[in-house]
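Have a look at the structure below, then the notes.
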Amino acid sequence: MDPTHRAPDEYGQGHGRSGGEPGHRRPSRDSGGDFGPQTPQQVRVVQLTAGDLLLTVNPVDGSEVEAVPPGSGPDAPVRRTPAERAAHERAGAPPVPAGPPAPQLPLLERQEERERLVRLLARGRSVRLTGQPGSGRTALLDAVAADCAGLAPDGVVRLNGRGRTGTDLLHALFDAVYKAPGHRPDRDELLALVRTIGAVVTVDDLEIGGAALDELLSATPECAFLLAATTDTTPGVDAHLEEVLLAGLGRGASLALLEKVVERPLTEEERNWAGDLWFESEGLPLRFVQAGSLLVQRDRLSTAPEEAFDEYDYFEPRADDAPPPPAAPTAETLDIPLPSLGEGAAPAALLASRLSEAARATLRFAVALGGEVPHQAHLPALVGDTHADAALGELAGCHLLSPAGPRYRLAAGVLAQLVAAGYEDDAASHARTAAQHYAWWTSHPSVTPQRAVAEADAIVASLARLVPGDEAGAASAAVLLARSASPAFAAGLGWGAWERALRIGQEAARIAGEVAEEAYFHHELGVLALCTGNPDRARTELETSIGMRGVLADKSGAVAGRRALALVADRSGDFAPLGGTPSGPEPATVRQDLPGTPPGGIPGPPLFLRNTAEEEPTVISSLPPGPATRKVSGLAILGGARRNLAAAGAGALLIAVLGTVVTLGVTSDGDEPDSRNVTTEQTATEEAPDDDLPADGTEDGSSPAGAPTDETSAAPSASDPASPSTSASPSPSASSSAGTSPTGRPTDGESSTSGRPTPTKTSPRPTKTPSESPSPTPSESETESPDPTPTDEPPEPPPVEDSSSASGPAESASASAPVESASPSESDAAA
């Protein structure tokens, strides 16, 4: 059936309308679910292991880290085979530019240095190759690496040192020799693994030196390093390195290299021009290959002028009915002069002016990104031209680019030349365009973390350009890019780029005022510090993040931060006290009033003399946990034990106090007069107020006015020398004995007046004499009758004669209420 002109039955117009079997109708767009609410895009969550930690990269609330569960650790790293190492090296090489392949240039006047480097590396010596930018260090490293392919058991490992620390280089070396997907070893494991690697390691564009370089070399004793660096980098302090200086080419070699680039013999005028250029550039090979590109462009302009491609380009053939192309001008009719000496020494601007518009736009993006050239797959989206990927081939053919790891960057000196030519005028807008594109690209589900790590240098460069910029919205664009790219860097184990992106993103969020994003970056920096073995830094970042998210009421983010902070405390040993209280002296425990106790509590110190040595075991306090207790994870169980301990201690203290009161009451029954003690058989009535007490006795011991006098209870014998302090001081025993029988029990129909009992434990005990009566006589009980009517005026305080008489009433008044409230329970205990 013709797909364009279909039969009516295919659309339900045949048998369906005539009453037959209905045809198959196309599903309606309105009724379908294609335009309904789509399923939200799932977040890419990746789990990694960093040492003994399990890292879950969560782009929403922040990464979570925990200890690796027992039995679920990663597999041991396995060494790569030679075929796997070759495949890994090809995957890390820069892409081949589009267009015709560039000619392979020879390595002139470098044979002596080449052979010396091979001999030193074969003996296991490490060499530092220094030279000016553009002296051909990268080409020499490639040649030496090819000669040393079979020297070491682990082959040759090529690393890029631009923007890499010593730790980054160690992890890159581990990844090149060992295969451990999804695992990043900790410091101890990493040093143990790289110590067994035996390889020839070439590092181009090395930027570290001093102690960092010494640490790198001491960690890999079985490796021979060939380090290419500029002359301004500092060598190691204790490292034993052989120094090889790479100088410029001679005049003859420079002219030979120029002829190789042009692929034709030079004219006499061109030779003289090249001789002046050799003197100006000090024989740097890069200047001569770029000068050869100028001569190639001059030849193309001479043989194929721009008018020949006014209607048709390289990719479209000329039509049959088109007019014939104009004849190529001869040398006499078209004379293009040679570049000047200044243009030959700095040819970047002149070379770029003769390239296509897509190539020039690519150079503008490279200048905006600090010399980093985006991958050729991104150029069509950035430039806005579907054929912009061919611009990379044009730039590489003019030798304006140099390889840097898995990517390209502008060659030495080209960035400064293009900036002087005005290619940095719209750098801020180009950097923002690149940031928006990379933010969309890194968050796309089809982009793997490894591809994002390969493009990390350009992404970080765009972030660095946007943050200090004054353009409106630049900081917000940087926050969006860092928020999208940092999880991909973490999942791809590019933790050096992850840290740089987080720090730039945190600064951008602070400038833009986005507190939620700033809290996210602080959280990620804390997790990164924890995984890399820096607990102090991790604690600072996590506490900052928790505080910000607490202000924003971000519950899920705050919970993730607290979990990571608890792990930091567990690994560092600074565990907080149980129950969530801060470290330091623990506050005093607040005791709850138990049932049956007085409202004011049991004031122990005023009533009894306390022995602190005996009461020390019953003190209720939570001691701070020791070092062994800090690592216990069952906080809830220990918290319940603390509460049980506090309840048990409170009960023990209450029993001890009640037992002491009962014991003193029993023992004082036979040792002290009943008039100065409250026995367990007496009952303190709360209905009798203080004002119902009768007037105190006079100084000579006589009864109050209006009461009959009993001679037997008037006063003790005057002949006793110890009696004056006891008989002269007023005692509340008269009021307490007024309503009691000779047996000590209160009489019926009378209320007890012992409202103010005087404890004798804290006052000097009076001396017992034969004249003192142990109990009140029956005549006192009959003659004294309590007056329930309160007096209008308070009784006049008696005069104070000595220290013993003054201390008794004062202490009895302060302690009367507790004893009265405790009397019923004491009576029950005694019964």
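The values are calculated or read from the model by the stated rules, or taken from the named source; none is laboratory data. Computed from a predicted model, the values in this text were never measured in an experiment. Reconstructed Cβ throughout: ideal geometry from the backbone, glycine too, with neighbour counts over all protein chains shown. To get the accessible areas, we keep the full protein, side chains included, count just its heavy atoms, and leave off ligands, DNA and RNA. Shrake-Rupley method; radii C 1.70, N 1.55, O 1.52, S 1.80 Å.
Scanning region 196-204 finds one or more residues that are touching a residue at least 60 places away in the same chain (Cβ under 8 Å) and closer than 22 Å to Gly134 by Cα.
Residues in region 448-466 that are surrounded by fewer than 22 Cβ atoms within 10 Å (Cβ to Cβ), among the β-branched types (Val, Ile, Thr) and closer than 18 Å to Ala366 by Cα: 0 in all. Annotation note: of Ala149, Ala98, the sole residue that is open to solvent by 50 Å² or more (accessible area, probe 1.4 Å) and either in a loop (DSSP other than H, G, I, E, B) or in contact with a strand residue (DSSP E or B) (Cβ under 7 Å, 6 or more places away or on another chain) (or both) is Ala149.
Taken residue by residue, region 564-579 has at least one member that is at pLDDT below 90, over 30 Å from Gln47 (Cβ atoms), surrounded by fewer than 15 Cβ atoms within 10 Å (Cβ to Cβ) and more than 11 Å from the chain's Cα centre (by Cα). Which residues, taken from region 184-197, are in contact with a Pro (Cβ under 8 Å, 6 or more places away or on another chain) and open to solvent by 10 Å² or more (accessible area, probe 1.4 Å)? Within region 184-197, Leu193, Arg195 meet the criteria. Return yes or no: is Thr231 closer than 30 Å to Trp278 by Cα, among the polar types (S, T, N, Q) and at pLDDT 95 or above? So Thr231 does not fit the description; no.
Set side by side, the residues Ala83, Ala67, Ala87 differ, and just one is open to solvent by 60 Å² or more (accessible area, probe 1.4 Å), over 21 Å from Thr220 (Cβ atoms), under 43 Å from the mean Cα position of the chain (by Cα) and not hydroxyl-bearing (Ser, Thr, Tyr), which is Ala83. For region 471-512, filtered to residues that are of a type in the set (S, T, N, Q) and closer than 17 Å to Ala529 by Cβ, the residue that is most open to solvent (accessible area, probe 1.4 Å) is Gln506.
Quick grid of which residues meet (1) farther than 20 Å from Pro103 by Cα; (2) touching a residue at least 12 places away in the same chain (Cβ under 8 Å); (3) not aliphatic (A, V, I, L, M):
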residue: Pro235; (1), (2), (3): yes, yes, yes
residue: Glu242; (1), (2), (3): yes, yes, yes
residue: Ala253; (1), (2), (3): no, yes, no
residue: Val261; (1), (2), (3): no, yes, no
residue: Pro265; (1), (2), (3): no, no, yes
residue: Arg271; (1), (2), (3): yes, yes, yes
residue: Glu282; (1), (2), (3): yes, yes, yes
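Note on region 394-405: residues that are open to solvent by 50 Å² or more (accessible area, probe 1.4 Å) and over 17 Å from Ala359 (Cβ atoms) amount to 1. Within region 104-132, being part of a loop (DSSP other than H, G, I, E, B) and open to solvent by 70 Å² or more (accessible area, probe 1.4 Å) holds for Gln104, Glu109, Arg123, Arg125, Gln132.
Condition check ((1) open to solvent by less than 30 Å² (accessible area, probe 1.4 Å); (2) of a type in the set (Asp, Glu); (3) in a loop (DSSP other than H, G, I, E, B); (4) more than 24 Å from Ser126 (Cβ to Cβ)) across all residues:
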residue	(1), (2), (3), (4)
Ala212	no, no, no, no
Leu216	yes, no, no, no
Leu226	yes, no, no, no
Glu259	no, yes, no, yes
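No other residue among Asp457, Asp425 is closer than 27 Å to Val57 by Cα and touching a Lys or Arg at 6+ places or on another chain (Cβ under 9 Å) apart from Asp457. Look at Thr220 and say whether it is β-branched (Val, Ile, Thr) and either modelled with pLDDT of 95 or more or open to solvent by less than 50 Å² (accessible area, probe 1.4 Å) (or both). Taking the combined requirement at face value, the residue satisfies it.
For region 342-379, a tally of residues being over 14 Å from Tyr423 (Cβ atoms), open to solvent by 40 Å² or more (accessible area, probe 1.4 Å) and under 42 Å from the mean Cα position of the chain (by Cα) returns 2. Considering (1) in a helix (DSSP H, G or I); (2) out of contact with any helix residue (DSSP H, G or I) (no Cβ under 8 Å at 6 or more places or on another chain), the lone condition that Leu169 does not fulfil carries the number (2).
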